[in-house]
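Peer 1: Below is a structure I'd like to ask you about.
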Amino acid sequence: MNVLLTGGAGYIGTHTCVELINAGHTAVIADNFSNSSPKAVERVEKITNTKIPVYNIDVCDRESVEKLFSENKIDAVIHFAGLKAVGESCEIPLAYYRNNLDSTLTLLEVMKNHGVHNFVFSSSATVYGIPEKVPLVETMPTGCTNPYGWTKLMNEQILTDAAKADSRLSVVLLRYFNPIGAHESGMIGENPNGIPNNLMPYITQVAAGRLECLGVFGNDYPTHDGTGVRDYIHVVDLAKGHVKAIDYADSHKGTEIFNLGTGTGYSVLDIVNAFMKANDLEIPYKIKQRRPGDIAECYADPTKAKEILGWQAEKTLEDMCRDSWNWQSKNINGYE
Ligand code: NAD
Ligand code: UD1
């Protein structure tokens, strides 16, 4: 299939592009580079030895998206493009709603004009809100605590309604847990702007000497060591889930939701210790106050993805820690 990856220059998009090409598909990227670098796509081209058409466009801009669809025969769309910082979404909620919702509406309308019916969406485990229990199953209640999360849940609703109204449409909603790690080549990886909000990029920047000390947000949670537990998944495993998802979309109609996680929860200190062991490095850390909005535990029940998509995560925590550091140590300042 020829797959359009919106946000294809970003962290998950670049890794997915590699796996799609490895699986025999072709890719077209649309990205406005608001949170990424054209260099990331050049690296994907190197890894895959393939030239990838890139459109530097805002996917909310209908005319540009129309032009892309007129110039390329697209079989499926994976919609990664979006703003994703939880804290920022509370400060500038309208920018988040505009960007994250308008992009989906524009894509759906243009796809309809061009007879394209397969849509895979980057959702998030954040739509489970404050979980009543773990592991999280796709049928459990949803609810959000911040505008970013609401954009994910609203997008899920928009896409579900669109598929109900158009029997040709196939929608796969992928709820990602916590992607970390990088391609084994160390050529592509996560490249956050400014001081990272997320745990693994913070750790790798401490290891690289760019930051002094990791703050561990709370050690009084009801978990095995008191620190927050999450379902960390290697980004390459996550990327492979998208290859399964487009195949599924191509042979089924309607909407289906899948958790993409490993099913195993690790605490912040588990991650710090695993990182130090895998890379033979010291990571200085200090226990700090809980971060507002954080939950104690969040991990997936990934059974549905295994049974229906035939997908499961294969890489270990050691792989994730080694590959995160391999990327960071080879690219101390990211793509710059
Ligand atoms: P990323 O920021 O690295 O990639 C997103 C890309 O979209 C960037 O390259 C950015 O420039 C582009 N973009 C944003 N708005 C655009 C627009 N209007 N038009 C064109 N391009 C635009 O983020 P990521 O980590 O690769 O995440 C991809 C998707 O997965 C996002 O939708 C994110 O919300 C979702 N997600 C990410 C995580 C995570 O931990 N990384 C977890 C759950 C869900
Ligand atoms: C965060 C977002 C979530 C988003 C996900 C992926 C919040 C509240 N949630 O999830 O919506 O989908 O990122 O982008 O922002 N931690 C530290 N020190 C740090 C950073 C993190 O101790 O410097 C801890 C956190 O308290 C948490 C764990 O590490 O227990 C993971 O944090 P993080 O990587 O930010 O992911 P989430 O909070 O799960």
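Just so you know, all these numbers are worked out from the coordinates, no wet-lab data involved. Since this is a predicted model, take the numbers as computed values, not measurements. Because the Cβ atoms are built from the backbone with ideal geometry, glycine has one as well, and the counts that use them run over all protein chains shown.
Peer 1: Looking only at helices (runs of 4 or more DSSP H) that fall completely inside the stretch 2-88, which ones have 3 or more residues that are near ligand 1 (Cβ under 10 Å from one of its atoms) and not β-branched (Val, Ile, Thr)?
Peer 2: Where helices (runs of 4 or more DSSP H) fall fully within the stretch 2-88 and carry at least 3 residues being near ligand 1 (Cβ under 10 Å from one of its atoms) and not β-branched (Val, Ile, Thr), they are 11-22.
Peer 1: I want to confirm something. Restricting to the stretch 115-135 and keeping residues that are in a loop (DSSP other than H, G, I, E, B) and within 30 Å of Asn72 (Cβ to Cβ), which single residue is farthest from ligand 1 (Cβ to nearest atom)?
Peer 2: Gly115
Peer 1: Then there's this: Please state which one of Asp225, Asp270 is touching a helix residue (DSSP H, G or I) at 6+ places or on another chain (Cβ under 7 Å) and surrounded by fewer than 23 Cβ atoms within 10 Å (Cβ to Cβ).
Peer 2: Asp225
Peer 1: Which one is farthest from Glu88 (Cα to Cα) among residues in the stretch 283-330 that are surrounded by fewer than 21 Cβ atoms within 10 Å (Cβ to Cβ) and of a type in the set (Gly, Ala, Ser)?
Peer 2: Gly310
Peer 1: In addition: Would it be correct to say that Thr104 is within 30 Å of Arg291 (Cβ to Cβ), assigned to a helix (DSSP H, G or I), under 15 Å from the mean Cα position of the chain (by Cα) and within 12 Å of ligand 1 (Cβ to nearest atom)?
Peer 2: Answer is no for this residue.
Peer 1: Consider the stretch 186-213. How many of its residues are closer than 18 Å to Ser267 by Cβ and among the hydrophobic types (A, V, I, L, M, F, W, C)?
Peer 2: 4
Peer 1: Continuing with the same structure: Out of curiosity, is Lys84 over 28 Å from Glu109 (Cβ atoms), touching a residue at least 40 places away in the same chain (Cβ under 8 Å) and basic (Lys, Arg)?
Peer 2: So Lys84 fails the test.
Peer 1: Okay, moving on. Which residues, taken from the stretch 161-178, are more than 12 Å from ligand 1 (Cβ to nearest atom) and either outside any helix (DSSP H, G or I) or surrounded by 17 or more Cβ atoms within 10 Å (Cβ to Cβ) (or both)?
Peer 2: Residues satisfying the conditions are Ala162, Ala163, Asp166, Ser167, Arg168, Leu169, Ser170, Val171, Val172.
Peer 1: Given the residues Ala30, Ala85, Ala40, Ala81, which is the only one that is within 16 Å of ligand 2 (Cβ to nearest atom), within 30 Å of Leu153 (Cβ to Cβ) and touching a Ser or Thr at 6+ places or on another chain (Cβ under 8 Å)?
Peer 2: Ala81
Peer 1: Does the stretch 320-336 hold any residues that are β-branched (Val, Ile, Thr) and within 16 Å of Tyr11 (Cβ to Cβ), and which are they?
Peer 2: None; the set is empty.
Peer 1: A follow-up question, please. What do you reckon, is Glu138 of a type in the set (D, E, K, R), touching a Phe, Trp or Tyr at 6+ places or on another chain (Cβ under 9 Å) and assigned to a loop (DSSP other than H, G, I, E, B)?
Peer 2: Yes.
Peer 1: Moving on. Specify the residue that is nearest to ligand 2 (Cβ to nearest atom); the eligible residues are those in the stretch 159-209 that are under 21 Å from Asp247 (Cβ atoms) and among the charged types (D, E, K, R).
Peer 2: The extreme case among them is Arg175.
Peer 1: Return the residues of the stretch 309-327 that are farther than 16 Å from Ala274 by Cβ and in contact with a Phe, Trp or Tyr (Cβ under 7 Å, 6 or more places away or on another chain); say none if nothing qualifies.
Peer 2: Of everything in the stretch 309-327, just one residue is farther than 16 Å from Ala274 by Cβ and in contact with a Phe, Trp or Tyr (Cβ under 7 Å, 6 or more places away or on another chain), namely Leu309.
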